[in-house]
Amino acid sequence: MATVTPIRPGQLIARLSALLLDNAVLATIAVVGLTLLITAADLVSSDAEAMILSSVASAVGQYLLLRNTLGRIGLLAEHPNRAIGSFILASILIGIGLVLGAIALVIPALILALRWTPALPLVLGTERLNATEALEEAMRRTKGQALAILPAFLLTFIPNVASFVLIVTEVAGETASPLTYGAINLLGNIGLVASIYLSVAVYQETLDPDSDVRAVFA
């Protein structure tokens, strides 16, 4: 079985920061574009339609951003478009797993979120695994390393917490303005984009150093 390099929290945060800085322009475009699109959907569509449009836009944004990032660091699979089906299925399975984990208790959902962090890059990366293989491989690579991932995860989750606070205090009270909807979506999309780069950072940190020396130089 391939070895996995232990994750160091400080090194993971440094790699995440480097990815965000190196891809700052594209990340900003993604955040702004998704925010404008989803906010417009919130204002002119029904709740159900807005949710569907938001989910589709987020999935497309995740795919394009992840594909571009892996390509820039030389870890993108050949013919990545052939992995779109697996990417969608993996995203759905992760979503279902997190929802079920949250229903059971918050802690199981958090553990799954940490352990599955590199799953989507494993679908579009050089391994090009299918959905279930990616989830299994992500669990293998992060075994015993959830706590090492946690600090970086919490940093990327801060915008989501702020977005949730706005939802509870403004939208629930039916006092939300278009500006509030925009702020909620902006914070949520910052968290989404940050989580994509975190997934790549964890993916890089857990590459097998014996079989892929690019992990050292990326």
- [ ] Return the ratio Rg/(2.2 N^0.38 Å) for region 38-106, where Rg is computed over Cα atoms only.
- [x] 1.38
- [ ] Express in Å², to the nearest 10, the accessible area of Phe153 obtained by rolling a 1.4 Å probe over the protein heavy atoms while all chains stay in place.
- [x] 30
- [ ] May I ask you to give the percent of accessible area on the chain that is carbon plus sulfur, with a probe radius of 1.4 Å?
- [x] 70
Open item on the list: Helix-only estimate, please: 222 nm mean residue ellipticity of the chain, summing -39500 (n - 2.57) across DSSP H runs of length 4 or more and dividing by its residues, to the nearest 500.
Closed with: -24500 deg cm²/dmol
Open item on the list: With unit charges on the beta carbons (Lys and Arg positive, Asp and Glu negative) and the dipole taken about the Cα centre of the chain, which residue among Leu129, Val44, Ala162 sits farthest to the positive side?
Closed with: Leu129
Task: Heavy-atom SASA rank of Asp42, Asp22, Asp47, Asp208 (probe 1.4 Å, accessible area, largest first) - done: Asp47, Asp22, Asp42, Asp208
Open item on the list: Using 5 Å bins from zero, what percent of all Cα-Cα pairs in region 1-121 falls into each bin?
Closed with: 2, 9, 13, 16, 20, 22, 11, 4, 1, 1, 0
- [ ] Can you work out the accessible area per residue across region 66-202, with the rest of the protein chains kept in place, probe 1.4 Å, in square angstrom?
- [x] 48
Open item on the list: Relative contact order of region 1-158, please, whole-number percent, based on alpha carbon pairs below 8 angstrom and at least 6 residues apart.
Closed with: 26
Open item on the list: Limiting things to C-alpha atoms, what are the Rg and the maximum Cα-Cα separation (Dmax) for the chain, in angstroms?
Closed with: 17.3, 56
TODO: Taking H placed 1.01 Å from N in the peptide plane, check which residues at least 5 places from Leu129 or on another chain put their amide H under 5 Å from its amide H.
DONE: Val123
TODO: Using θ = phi - 60° and the Karplus relation 6.51 cos²θ - 1.76 cosθ + 1.60, list the HN-Hα couplings for region 35-50 in order, rounded to whole Hz, with x at every Gly or Pro.
DONE: 5, 5, 5, 6, 5, 4, 5, 4, 7, 10, 10, 5, 4, 5, 5, 4
TODO: Could you please put Thr39, Thr5 in sequence from largest to smallest accessible area, using a 1.4 Å probe?
DONE: Thr5, Thr39
TODO: In a Gaussian network model over the chain where Cα atoms closer than 10 Å are linked, find which of Leu155, Leu135, Leu122 has the largest mean-square fluctuation.
DONE: Leu155
Task: Extreme residue, positive dipole direction of the chain, given options Leu34, Val99, Ser17 (C-beta unit charges) - done: Ser17
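The values are calculated or read from the model by the stated rules, or taken from the named source; none is laboratory data. What you see is a predicted model, and the numbers here were worked out from it, not measured in a lab. Ideal geometry is used to build each Cβ from the backbone, glycine not excepted, and the neighbour counts take in all protein chains shown. The protein model used for the area step is the full one, side chains on, heavy atoms only, and it has no ligands, DNA or RNA in it. Shrake-Rupley method; radii C 1.70, N 1.55, O 1.52, S 1.80 Å.
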